[in-house]
1. Ordered by residue, what ³J(HN,Hα) values in Hz, to whole numbers, does the stretch 20-34 give under the Karplus form 6.51 cos²θ - 1.76 cosθ + 1.60, where θ = phi - 60° and Gly and Pro are x?
2. Mind jotting down the three principal axis lengths of the chain based on Cα atoms? Whole angstrom, largest first.
3. Leaving out ligands, DNA and RNA, and with a 1.4 Å probe, what % of the accessible surface on the chain is carbon or sulfur?
4. Solvent-accessible area per residue for the chain at a 1.4 Å probe radius, Å²?
5. For the full complex of protein chains and a 1.4 angstrom probe, list Phe23, Phe62 by accessible area with the highest value first.
6. Apply the Karplus curve 6.51 cos²θ - 1.76 cosθ + 1.60, θ = phi - 60°, to the phi angles in the stretch 85-102 and return the couplings in whole Hz, x for Gly and Pro.
7. Just want the answer: with Cβ charges of +1 for Lys and Arg and -1 for Asp and Glu, which residue in Ala45, Ile8, Asn69 is farthest toward the dipole's positive end in the chain?
8. Find how much the distance from Asp99 to Ser5 grows on full extension, using 0.36 nm per residue of separation minus their present alpha carbon separation; answer in nm with one decimal.
Amino acid sequence: MVQVSSDIPVTQQNSNAESSDDFSQRTQEIATDICRQAKKIDTLAESLPGTTNAIGELEKDFQELNRENEQVTVELQEANRQARELLDSLSAMLTAIADNFGSSTT
């Protein structure tokens with residue numbers, strides 16, 4: 001059993017406890033794994049888009065996205081206008097059919 005602090009005495013031996021060499025080895029393995037995982041996290045964070053871009057490049061990207069957004073907005077407005085025209089035309093046809101049907105039954 002390993003005493004982790006001089007303030008906390010070892011009062012009972014644990015028969016299932018690892019030897020101090022095994023404990024030290026496993027502790028070293030865990031520390032190594034933590035360092036590896038931290039390095040992987042750093043590598044992933046560095047590969048994220050926008051984390052290394054200069055302000056000028058980010059502004060250029062933003063302006064391009066803004067232009068694309070304006071273009072899509074114009075296209076959406078045109079599609080909406082065409083849909084309204086189609087709806088008005090369809091509504092007029094249905095009204096004409098209903099009026100025609102109503103006048104032929106009387």
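1. My calculation for the stretch 20-34 gives 5, 5, 5, 4, 5, 5, 5, 4, 5, 4, 5, 4, 5, 4, 5 Hz in order.
2. 106, 49, 23
3. 56
4. Accessible area per residue: 92 Å².
5. Phe62, Phe23
6. For the stretch 85-102, the Karplus curve yields 4, 5, 5, 4, 5, 5, 5, 5, 5, 5, 5, 4, 5, 5, 5, 5, 5, x Hz.
7. Ile8
8. 24.3 nm
The values are calculated or read from the model by the stated rules, or taken from the named source; none is laboratory data. No experiment lies behind these values; they were computed from the predicted model shown. We place every Cβ from the backbone using ideal geometry, glycine too, and count neighbours over all the protein chains shown. Note: accessible area is taken over every heavy atom of the protein model, side chains too, but ligands, DNA and RNA are not part of it. Shrake-Rupley method; radii C 1.70, N 1.55, O 1.52, S 1.80 Å.
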